[in-house]
Each structure stands twice: as C-alpha cells, then as structure tokens.
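Throughout, read-outs are computed from the coordinates displayed, never taken from laboratory work. A quick note: this is a predicted structure, and the numbers were derived from the prediction, not measured. Cβ coordinates were reconstructed from backbone atoms using ideal geometry, including for glycine residues, and neighbour counts include every protein chain displayed.
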Amino acid sequence: MSDESSAAPASEPVATAREKYHCPACGAEAHWNPGKKALVCAFCGTESPFTLTTRTDETVIVVHEPLEALRHIPEDHKGWQATKTTVRCQSCHAISVLDPDKVGSRCQFCGAAQLVPYAEVEDTYRPESLLPLTIAESQSRDLIRAWYKRQWLAPNALNARALTDTVKAVYLPYWTFDAKVFAQWTADAGTYYYTGSGKNRQRHVRWSPAAGELSHVFDDDLVTASLGVDPKWLRAVEPFPTSGLIPYDPGYLAGWTVERYQIDLVAAATRSREQMDATIRQLCINQIPGDTHRNLVVRSNYSDQRFKHILVPVWLLSYKYGSKSYQVVINGVTGKVVGGRPWSWVKIALLILVALIVLVLVNSD
C-alpha cells in the first residue's frame, strides 16, 4: 500500500503549481514529454529546467474518509491550479479540461468537432495525485501497429490503414477505495456421489451445512469516473500501478487533455462497494468445501474506508471503419492495448466453408 495521509487542512495545499511552463529558449509553452521525462518545448525542442514532483520513499499520497468528505469539501480541492477551460462534447458527452488555446480542437475521445463551453460546478474535486504518462507517442504508435496485426479475421484494409497518426494522450479521472473487510458466511455444501453404472449412472448431491469467516484488505480498488472512454476497455487495460502515484503536479498535464470526473463520489463509492462485495462473495465461495453449494449468506463488516481522486494516463485512438466507430485504448503506464475492431465477414464465411468441407471429408472416410 502506498504511503498515505489523511486530507491536509485547507491552509496546507497538497501541491504547489505554476500557471505556465515557458521554454527558456523561445518562450513558447513547454509540454510534458514522457519519452524524455521532462518538459520539452513543442516548437524548438529545448528541455525546460523546471523541476516536477517525483516519487521518493518519503512521498505521501493524501487519502480521505468518505463520510467526512461528503460533509465538507476543503477549499484546496477546488480548481486545477492552472489556467484551464472546460468543454463538453455534444457527441459523446465527455467533459474535457483543456489549455485555453486548444478549445477549438476536436474531441480527443470521439473526434467530433462539437465542443461547447461547460460551466464548472461548485465544489469540484481537484485530483490530488496522478500517474505520470510514461509511454511515449512513438511507443504508442508501435503498440497500435502490433495490435492491428494481431486482430485475426480483421479486414486487410485495417492493418494497411493503421490510423496511428490520430492517437492522442489523455488523462482520465479515477476514484480509488481502500477498506478492511471481515466476513462470515454460511451455506449448504454439496458433495457429488454416483449410483448405477454405464448408461444408468446418475449423479446426486449430498448436502451438509458449512460456515466460515475471512478477512480481506482492499487497496486502491479502482472505479473509473470517465464517460469519454468505453468502461469495458478501461477494465481491460487495468490495473494502473497506483504504487507509482505522485502528488498532483500540473506540469505533467502540460500539453495534454484531461477529462473531468463525471461519476461523483457517491456513485463511485456505491460501485466500489458492489465490486468489493462481489470479490468477498467469491472468496467465501472458494472456502466452501465439496463440489457445489447453495443458500450462501455472507455478512460483511467494513472498516478503515478511505478514498482518493486520481488521474491516470491513456493513449486513445478513435477511428471509423465503414459506418461504425471504434476505440483503442493503451494503458499509458504499462502499455497494455485493448479496443474495438471490425470483422471481415468474407474471411469468416470462408473459414466456415473450409470447416464444412473438412467435416464432410472426415465423415466420408
């Protein structure tokens, strides 16, 4: 588990931030470059001397108790500590936090040019920690190309087109939840036994009462707060290595798009509890002796519940093939790739035809 502390008072901000990071050579704005792990000018390539927050053995990541957080949101949680403009896509409804000079760009999530200003709601949580983007753009393109080549039964044109020139890095909002759980369970444990033989062999179940208990610790159970990326793809590229979290520093966001959270704390906490309950239930099932079970009842007691609001990086490719839109997502820390892809119905039909021919030949022998 990461070194963590309770929320700091409002008079003790978690991270100090700067409005802009200007290139010392030409004065243009410097952007975070994951390949060089530095702020680099997008125009002249000069590395800026600014020192960004890094993780050390003494790094403390702030956490909160959910009930206290719902009662009061400290002032130091508001704002992004930098000049930002919030826009909403009228097509996919993703809410993005952009540098003011990028408001006219297309939506980084679906590619639509339907961005409109979005009024910030009061008491918005600012992320207090983040995972820096470590996969460089060149690496992301190589990963996309390799992913295309692995898509069996995909149209040939998909690999030939390789739309990696549209890949974009975005920071997505997540909630993480910690908890200690003590659970007691009761169930009917079933053991198979058989009577008869040959065609008359029948399986039966012998039932007997069973009970048990267990303890489990959840550390950084992840709940996405994004609506811009398909949640099934995010689940597939998880986990994000939260042991590498650093205190929030807007320098890592320089030049990149950030999605504002769209699933609030209450909804996220509910979803996390559902995930934890499902995990605890499965752990209890694993303890039940025998071959099967019924009437499982689990009684769970949760304690030491805490949460964080964090940002995690992904590379995102949104593309169209035919009339359908697809997303490909790369974990910006681990490089894992998942996404949607079209199918070649011609290849599928040919495969079925070959299978039928082989079946006919086998049966004819």
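What to note about this one:
- Listed residue (PHE218, VAL205, TYR174) projecting farthest to the positive dipole end of region 174-225, Cβ model: VAL205
- When you count the other C-beta atoms within 10 angstrom of each residue and take the mean per peptide, 146-153, 202-209 line up highest first as 146-153, 202-209.
- If the segment from VAL266 to LEU353 were pulled out straight at 0.36 nm per residue, it would be longer than the present Cα-Cα gap by 26.1 nm.
- Projected label distance in nm at ALA278 and HIS204, using a 7 Å step from Cα toward the beta-carbon: 3.8
- When ASP178, ASP220, ASP57 are sorted by how many other C-beta atoms sit within 10 angstrom of their C-beta, beginning with the fewest, the order is ASP57, ASP178, ASP220.
- From least to most packed, judged by other beta carbons within 10 angstrom and beginning with the fewest, ILE285, ILE310, ILE352, ILE263 follow the order ILE352, ILE285, ILE263, ILE310.
- Descending by average beta-carbon neighbour count within 10 Å, the peptides 353-360, 266-273 line up as 266-273, 353-360, the highest first.
- Pairwise centroid distance, computed over Cα atoms, of region 275-296 with region 41-65, Å: 43
- The amide H of LEU39, built 1.01 Å from its N in the peptide plane, has ASN33, SER48 as neighbours under 5 Å, considering only residues 5 or more places off or on other chains.
- Close amide-amide hydrogen proximity is noted between TYR248 and SER129, LEU130, each under 5 Å apart and 5 or more residues distant or on a separate chain (H modeled in the peptide plane; Pro and chain starts excluded).
- Residues HIS64, HIS293 in ascending order of nearby Cβ atoms (within 10 Å, fewest first): HIS293, HIS64.
- Converting phi to 3J(HN,Hα) with the Karplus coefficients 6.51, -1.76 and 1.60 and the offset θ = phi - 60°, region 316-328 yields 10, 10, 10, 9, 10, 10, x, 9, 9, 9, 9, 10, 10 Hz in sequence order, with x at every glycine or proline.
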